[in-house]
Every structure is written in C-alpha cells, then in structure tokens.
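The structure under discussion appears below in the form of structure tokens.
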Protein chains: 4
Amino acid sequence: MKNKKKHVLILGGSSDIGLEVVKKFLQLNWNVSAHCFSNEKKLKNLKKYSKHINIVKFNFSNFKIEKSIKKNFNKKYDSIVNLIGYVDNKGFENTNLKSLIKSLSINAIIPILIERMLVKKMLSQKWGRILNCSSIGVKFGGGGNSYNYSLSKHCLEFIPSNYKIWAKKNVFINNLRIGVTNTKIHKKMKRSKKNIKNRVKLIPISRMAEPKEISSYIVNLSTDTNSYMTGQTLNVSGGE
Amino acid sequence: MKNKKKHVLILGGSSDIGLEVVKKFLQLNWNVSAHCFSNEKKLKNLKKYSKHINIVKFNFSNFKIEKSIKKNFNKKYDSIVNLIGYVDNKGFENTNLKSLIKSLSINAIIPILIERMLVKKMLSQKWGRILNCSSIGVKFGGGGNSYNYSLSKHCLEFIPSNYKIWAKKNVFINNLRIGVTNTKIHKKMKRSKKNIKNRVKLIPISRMAEPKEISSYIVNLSTDTNSYMTGQTLNVSGGE
Amino acid sequence: MKNKKKHVLILGGSSDIGLEVVKKFLQLNWNVSAHCFSNEKKLKNLKKYSKHINIVKFNFSNFKIEKSIKKNFNKKYDSIVNLIGYVDNKGFENTNLKSLIKSLSINAIIPILIERMLVKKMLSQKWGRILNCSSIGVKFGGGGNSYNYSLSKHCLEFIPSNYKIWAKKNVFINNLRIGVTNTKIHKKMKRSKKNIKNRVKLIPISRMAEPKEISSYIVNLSTDTNSYMTGQTLNVSGGE
Amino acid sequence: MKNKKKHVLILGGSSDIGLEVVKKFLQLNWNVSAHCFSNEKKLKNLKKYSKHINIVKFNFSNFKIEKSIKKNFNKKYDSIVNLIGYVDNKGFENTNLKSLIKSLSINAIIPILIERMLVKKMLSQKWGRILNCSSIGVKFGGGGNSYNYSLSKHCLEFIPSNYKIWAKKNVFINNLRIGVTNTKIHKKMKRSKKNIKNRVKLIPISRMAEPKEISSYIVNLSTDTNSYMTGQTLNVSGGE
C-alpha cells in the first residue's frame, strides 16, 4: 500500500471547504477526484497546482441515478470525503413530502449508495477511509429554515452496523459535524449579517471557523493519520 | 381541560403493541382513533370493550398523500402515539434508492407530516403529547436485514428545534426506543426461532418485552402522567 | 413476591421531593424507611398518614462510615431511591481537595456503598429497583457555585457494568436527572429570586417542576411499573 | 505567540503512551515538562534526543498536596496532557471508601486542581490546550477489576461549564477516551494473555492500538493543530 499513490473522492468538492480539502490532498500527493454539481470553475483553477486532479460533474437529481452512479464512480478510491450540502431553506413549518425526499436523497441516500458501491473495493484492498460531513445544527434540531437540511444530515449520520466488519479490513467510517464556518452557505441560507453575528454569539469560541482549519480535521480523519478511530461522530464546532 | 374527554390518535394501532395501547387508553376513558393500514379486524374486536374507538384505515403508499392526510386526520387530538413500523427486510447490502425512500416515507416523513398538521391544534388548546416509537436497533446501526427499517426510525428520531416553542404551550414530543418485544414483527423480519433466541441472549434482562409492558411506558409518556419531560429519547430495552 | 409488602429505602427522604416520594410509596402501601441527616421533623409528620414509615437518622460525615452503613442499613429493601443532595456552594474557582472529597463522598461514594451492600439481598430475592437521582446541571458542566455538587452527581451517574448481571435477576438501576424544581435547594444554593427567574427562562417548559410531579417519575421508575428499563439516564427537566 | 517556544506539561509522562507523547512534542520543538511518580529512568533516556525536557517527579499521595502543587507546577504551560492512570485493581465488589477516594484523588481531583491552577496563565496569554486522557472502559461501566479506575476516569471527564469562557480566550479542553492499547497497563491490571486476547476480540478493528498511534491523536488535540474543537469527548478505540 505504501508505495502506491492514493486516490481520494471528494463529493461536493467545489464548496469553500471542499476546495481547501482538495488542496490539502494535492499537497499530500494524493490523486484527487473532485465531484461538483455544476460550478466546476473553481475546481479547474486548482489544476494549476497539480495535474492529479480529476473533476467529476454529476447531478444527483438525475432520474436514473443508480445507473449513473455506477458509470460515474467506477474507480478504486482509498478515501471518500462527503461534503455534499444541498440547502433548500425549508423550515419545519413549510416543508413538504417532495422537498423532504429531495433533501434526503441528495444529502443522505445518494452519498450512502455511492459509498456502499465504493466500500467494496476498499474492503478488497484492505484499506479505506470514509468521512461524512454533517452539521452541528443536527445537535440542536436544526433552525428556522434549515429543517430539511438538518433532518437529511441527521439521516446521513446513521452508521450501519456493517462498520464493524469493515473495521477488521482497515476500512473506517466516521462523521464530522462541522460548526458555523465562514463560507458562502450563509448566503445560500439567506442569513443576513446581523443573523450571522447573533449566531456567532452562541459559539463558545466566539468566531466562525475558517474553511482551511476545518479542512485540516477532515484530512486528518480521512487519511492514514487516522489509524484507530471508526464509527464515531465528532463535533468540530467551536465548543458547541 | 380536565372535564373534557381526551382523544388520542394511534398510528399503527393494529400492531401487537398498538392493540395494547388502544386498550389502555380506553380503560383510561379516552376517545381513541386507531389507524391501521389494512388489517382492521383486531381493532374491530376491541369495540366490544368500548364505543369510544374509531378506526382510521389509511394507506401511506397513496400517491396524493398530502391531500389524504388532510382528509383523514382532520380532528383535534390531545395525544399522538406513532407506532408505524413498515418492515421490508432490506439490509445495507441489498437496499436501493426506491426502497429506502419508501421506508423513509412510511416510517418517518408521513408520520412527521401528520404530526405537524395536528400539533397546531394542540398548540391552540395548550395541551398535547406526541410520542414517536423507534427501535433499540437504531443504537446499534441496525442488523442484517433491517437497514431500511433502522435508518428510517433513526430519521424519525430527529426532534425539530420547534419543540422548545411547543413546550411553552404544554405540547411535548419524545421518542421511545422499544427493545426486542414478543410480537409478530419477528415473523415479518423472517427471524427463525434460533435467531430470536440468540438475539435475546444479548439483552441484559435476558427476555423479550411483552407488548403489555411496553404499552405502559407508552401511555405514561403520552398522557398527563408525563407533565415535565419533552425532547427526550428513552431506551426501554431490557438494559441495552 | 406479589403478596409480600414491599419495602423502600429513601436516602435523603426529608427533602421536599423526598417527602412527596415517601407519601406516594405509603399510598401504594409499601413499607418506607426514610433516611435523613438531621431534620426528621417533617418526616415524623408523615407518621399520621401511615405507621409503615421508619425514620433512619444517619450522618454521612461519620468517621467510621463503613461500619455505620452495615449497622444502619441492615434490612432487606426492594427498592432504593437516592435523593441525597449535599450542597456546599463551591464553584470551580474556589473549590479545594477537601471539599471536593466531602461532596464526592456524601453525594456519590457513600450512596454507592450503601446500594452495593443492599443489592446483594435484592439479587437473592430476585427483585430490586435502584434509582439514583442526579441533576440536569450535570449535562451543562454545573454552574456558578455548583461545581462540587455537579461533579459529585456526575460521578454518581456512573453505572457499573455489573448492572447487566443484576438485570438477569430482575434488579434494575437507573439515573434520573431532575430539572429545576420548586424546592428549598435554591435557598441553599443562595439563588436570589431574580437568579431563579433567569434560570427558569432557559427551561423550554418555562416553569419549574413541582416536587409532586417529579415524585411521580421517581415512583414509576422504582416500583414494578418499571419492568423493562435498566442502565439508563433520563432527563426529566422541562425540555433541557 | 508564534515565535515563542511553547511548553507542554505531560502528567504521567513515564507511561508507555506518555513516552511517545514526549518524543512527539520534542520533535515538534516544544519544551517538555514530563511528570512521573517514581520511575524517571525512561524519561531520562529521552534526554539524549533533546535538552528541552524537564522531569518533574511528584507523588500525588502526598499529604499537603495543595501546597505541593503550587510548588511543583509553578511555570507557564501552553498545553497540558494528562495521562495519569493509577490502577489499583479494585472491582465493584471489593472496593471501599478509602481506595475509591485514593483513585478519585489521583486520577481526577489532583489533575483537575493542577489544571485549574495552570489554566489561569493560559487565559492571561490567550492560548492553551488541555487534554484529559480517559479510557474507553468508562463507556461500558468498567470491567471486572477496574471499577475504581473507570469511576475515577468517568469523574475526570466532567468538563466544567467554565470551558465556554475559556474558549473565548483560545483555551480549549477536551477528553480523549483511549481504547485498549499495547502497554504495560495490562500487566498492572493482572490480565492474562488469554484475557487480553478475548478483550481484543471485542474491538471492531480487531487489534490493540500502539502507543505511537495514540500519541498522534493526543498531540493533534493538544497543539495548534486543534484550533476549533473544545468541550468534546472523543473515542479513539478501534470502533468501540
């Protein structure tokens, strides 16, 4: 294993945190496959740093998703970092069946199905790391307009009992609950500056995380720096 | 409130535990609306005990579910006990998008949408109890062929932050994780007698629960016996 | 078992909650041994309700405590409710070795030693319930001047793995984290009315519990109403 | 801060894990103060690697412990790693008041008092990391003859609410529950080879951790690699 160049798949690689994770893996000399839904521009910019980056454009709202998964993610990966974060701003009061299923599919079910397909190859090569990134909001039952988002991330956090069998073959799976981070997600969530300020007041560390520092935790948990932790859910959330 | 006859809605009322819960509420002199998917026979038998039972037959696989919800659950309820348990015997290895969405819809999303509709009336009358029944399997990541079931019950356990506002109006919501119980669900789950025996060995109390004793916990949590607990997840599971 | 009159030991029986628990057990026709440190007056008043109450005055600061335990608690009990709550108003900043050991001894170690002695008889008669009452403050790391109190209650919450063996003999142990309750403990904790008001604002249910309603949860968990739950920690705390 | 050489205090620095932690900090070019109870020999051997190591021999069973703390730990530290692990092989059945207080004092109270003294300097310099190392056994209520050990480690895990104030000044505190590790502690705990083998069978990763890999997690959590996580308890325990 040691001599082979490792390969990571980053789902949601064009997000602010995703880009930092891509950079860190490139610096560690891994091959990187970075998935994005539509905006591959920023990922393409990273090509100047390394040729070992491969961009996978793939829309989860596709109808024949299961066939598409097989076609798009047919390589051998050593590590998967799932940073998918579909935000639709539906709160508990105004959600509905259709939008809930969409959030659950994109944020939980499809990543799970992709991971299930790829874990087989990890098991056969006896090495693998899967890290599902969730949100600290899950701990608090979501907020005003993030019910669909939080419910689907909560769903993603379910670790199947199979993880115990995977552990024996050096394949680990963990969850990382990311705290409030200085990214464009707040814009997406239609949070005003004042709202963000009030939100930050609730964080013991009393500031947002930077994408760069979150990416360190992610990379440590999804490379061989993590050699003995599996089945866990970690809060990197400024003390929340 | 004290002089009015209270009304409970029991989702999944024809299950073995459901029937016991119906009986207990009738004994407490509540009006009971017992929902079932198809087999109303056993519920009808309970009519000999009391005329205060009303049977709601309603299939969650209906296409225009949201309209149907409005039509079928348009009364004022003081308490909701959700005992829906759709079991499809899909494990992590052989699940797929469609079956996962079906399990999530029946076991989590539709009950949540029903509860959301009915909670409004509870808030206006300043009294309400919601109890979502889950399974101890959720704690362990499900088992062999209960991945869809456990994932959907895990999803159901998500309590929206709104519960804090409801609490101020004396409307409570809790989860009860039910341990291995002596019901027909084991048959549904295609567990052999030997399998059940081996499963029981893992329970500290070293026996299955009886539906009757589980129904006591349920009724205590979903009537005025519970006057100060909300937002909690309890394990009634023989020490697991 | 059914025909024998059961016997409960209530440690800290003269507290506001303790007195309510004593009353409830007397109403259920149990024999009650109510322990207190010094103020047995209120317990004596309860003798008018029933002759089945026995008062055990016993100071935990005794030097030869282990001998005293043997002498004072030498009966067979079916249930133990531990409501000991020694409050010394030491916060993290001004605590010290001596006061910490005193709090730990009174609130955790001595009750544990008493329970360990009495559990043997419960095991031999194949029935027993132990309920250790803790505080919701433990969840939040205690507050201003309750570090010693919260640390010692946290310590009390440790359930030894032996509980699994006890479970097989129908002997159960659980923890109940009690929320802010309308008792004299706030006076002891030197909380002003304004402080209490601010504290209550943090409780979703937006009021303190009454000793009477807490006593219901206690009695349900420490009698045969609880037939299938052991090894658990419950928060009865108004949604906190 | 960046130009100053940082200084770590390692309590229990002569344990197998402790020695690896010392080495890692020396490699990171920190000043190291390594505490031990008696056997400083192995720590002295590390002096060949670096002169920046300072050995603090200090027995916690000292009578005038609070004065001694002041005298022995009077420097400014940037990080504290607490690896104290006093093992007396007392199980629940054969523990007693005296031995429980000894375990609680050595494994919990005295480290807490040392940390409390040193945290003040961390707060004034607006940087600090405290990591208390506990044991995965705490999750399971300890085992056969480790009741005193597990109870005292459980007690150590209590994080005072003050951590929120510390967070604002960039002073973090976390707990690390260490899984079964290949150290001499098993000898101390009188575990036979067969016992260890059976214990290892329960670990999903199906092997013990090596002190070296545990030391990586420790160093990552107690240096500036950890910039956004505080108030957490992590299980590095092979999937348990």
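Scanning segment B:185-236 for residues that are in contact with a Lys or Arg (Cβ under 6 Å, 6 or more places away or on another chain) and small (Gly, Ala, Ser) yields a total of 3. Summed over segment B:110-147, residues that are open to solvent by less than 10 Å² (accessible area, probe 1.4 Å) and without any contact (Cβ under 8 Å) to a residue 12 or more places away in the chain total 1.
D:Trp30 passes every criterion in (1) in contact with a Lys or Arg (Cβ under 7 Å, 6 or more places away or on another chain); (2) farther than 18 Å from D:Lys188 by Cβ; (3) at pLDDT below 95 apart from (3). Within segment A:138-159, can one find any residue that is within 14 Å of chain D (Cβ to nearest Cβ) and either among the aliphatic types (A, V, I, L, M) or touching a Pro at 6+ places or on another chain (Cβ under 6 Å) (or both)? Yes, segment A:138-159 has at least one match.
Every residue in segment A:68-107 that is hydroxyl-bearing (Ser, Thr, Tyr) and more than 9 Å from chain B (Cβ to nearest Cβ), please. Show your work before the answer.
If we filter segment A:68-107 for residues that are hydroxyl-bearing (Ser, Thr, Tyr), which is where we start, we get A:68, A:77, A:79, A:86, A:95, A:99, A:103, A:105.
Listed by number, the residues that qualify are A:Ser68, A:Tyr77, A:Ser79, A:Tyr86, A:Ser99, A:Ser103.
Identify all residues within segment A:44-67 that are surrounded by 16 or more Cβ atoms within 10 Å (Cβ to Cβ) and either within 30 Å of B:Ser161 (Cβ to Cβ) or within 12 Å of chain B (Cβ to nearest Cβ) (or both); write none if there are none. Listed by number, the residues that qualify are A:Phe60, A:Ile65.
Return yes or no: is B:Lys5 farther than 23 Å from B:Ile214 by Cβ, open to solvent by 60 Å² or more (accessible area, probe 1.4 Å), in contact with a strand residue (DSSP E or B) (Cβ under 8 Å, 6 or more places away or on another chain) and modelled with pLDDT under 95?
Numbers: farther than 23 Å from B:Ile214 by Cβ: yes; open to solvent by 60 Å² or more (accessible area, probe 1.4 Å): yes; in contact with a strand residue (DSSP E or B) (Cβ under 8 Å, 6 or more places away or on another chain): yes; modelled with pLDDT under 95: yes.
Here the answer is yes, as B:Lys5 does meet what is asked.
Selection over segment D:98-109 of residues that are of a type in the set (A, V, I, L, M, F, W, C) and open to solvent by 30 Å² or more (accessible area, probe 1.4 Å) gives a count of 1. Answer with yes or no whether A:Ser38 is at negative phi and open to solvent by less than 60 Å² (accessible area, probe 1.4 Å). Taking the combined requirement at face value, the residue does not satisfy it. Inside segment D:44-67, residues that are in contact with a helix residue (DSSP H, G or I) (Cβ under 7 Å, 6 or more places away or on another chain) and either closer than 26 Å to D:Asn220 by Cβ or among the aromatic types (Phe, Trp, Tyr) (or both) make up a count of 9. Restricting to segment D:94-128, give me the number of residues that are touching an Asp or Glu at 6+ places or on another chain (Cβ under 7 Å) and within 27 Å of A:Tyr228 (Cβ to Cβ). Within segment D:94-128, residues that are touching an Asp or Glu at 6+ places or on another chain (Cβ under 7 Å) and within 27 Å of A:Tyr228 (Cβ to Cβ) number 2. C:Lys168 falls short on exactly one of the conditions (1) free of Cβ contacts under 8 Å to residues at least 12 places away in the same chain; (2) buried (at least 19 other Cβ atoms within 10 Å of the Cβ), and that condition is (2). If you go through segment D:179-214 and pick out every residue that is among the β-branched types (Val, Ile, Thr), out of contact with any helix residue (DSSP H, G or I) (no Cβ under 6 Å at 6 or more places or on another chain) and more than 18 Å from D:Asp16 (Cα to Cα), you end up with 2. Residues of segment D:69-78 include none that is closer than 13 Å to D:Cys155 by Cβ and either open to solvent by less than 20 Å² (accessible area, probe 1.4 Å) or modelled with pLDDT of 95 or more (or both).
B:Val236 passes every criterion in (1) more than 11 Å from chain C (Cβ to nearest Cβ); (2) aliphatic (A, V, I, L, M); (3) in contact (Cβ under 8 Å) with a residue 60 or more places away in the chain apart from (1). Those helices (runs of 4 or more DSSP H) of segment B:129-240 in which at least 2 residues are more than 26 Å from C:Lys212 (Cβ to Cβ) and at pLDDT 95 or above, considering only elements entirely within it, cover B:147-156, B:193-201, B:211-221.
In segment A:165-206, how many are hydroxyl-bearing (Ser, Thr, Tyr) and within 11 Å of chain D (Cβ to nearest Cβ)? Lay out the reasoning, then the answer.
First, pick out the residues of segment A:165-206 that are hydroxyl-bearing (Ser, Thr, Tyr): A:181, A:183, A:192, A:206.
Add one more test, that the residue is within 11 Å of chain D (Cβ to nearest Cβ), and what stays is A:181, A:206.
Selection size over segment A:165-206: 2.
In segment C:148-157, of all residues being open to solvent by less than 10 Å² (accessible area, probe 1.4 Å) and in contact (Cβ under 8 Å) with a residue 40 or more places away in the chain, the one that is farthest from D:Cys155 (Cα to Cα) corresponds to C:Asn148. Could you please find all residues in segment D:17-38 being in contact with a Leu (Cβ under 8 Å, 6 or more places away or on another chain) and polar (S, T, N, Q)? D:Ser33 - this is the single residue of segment D:17-38 that is in contact with a Leu (Cβ under 8 Å, 6 or more places away or on another chain) and polar (S, T, N, Q).
Here D:Ala209 meets each of (1) more than 10 Å from every other protein chain (Cβ to nearest Cβ); (2) open to solvent by less than 10 Å² (accessible area, probe 1.4 Å); (3) under 25 Å from A:Ala167 (Cα atoms) with one exception, condition (1).
Could you please let me know if A:Lys153 is among the basic types (Lys, Arg) and more than 19 Å from A:Gly18 (Cα to Cα)? Considered against the rule, which asks whether it is among the basic types (Lys, Arg) and more than 19 Å from A:Gly18 (Cα to Cα), A:Lys153 comes out as no.
The values are calculated or read from the model by the stated rules, or taken from the named source; none is laboratory data. Since the model is a prediction, treat every value here as computed from it, not as a measurement. Methodologically, a virtual Cβ is constructed for each residue, glycine included, from the backbone with ideal geometry; neighbour enumeration extends over all protein chains shown. Each accessible area value is taken on the protein alone, full model and side chains, heavy atoms only, with ligands, DNA and RNA left out. Shrake-Rupley method; radii C 1.70, N 1.55, O 1.52, S 1.80 Å.
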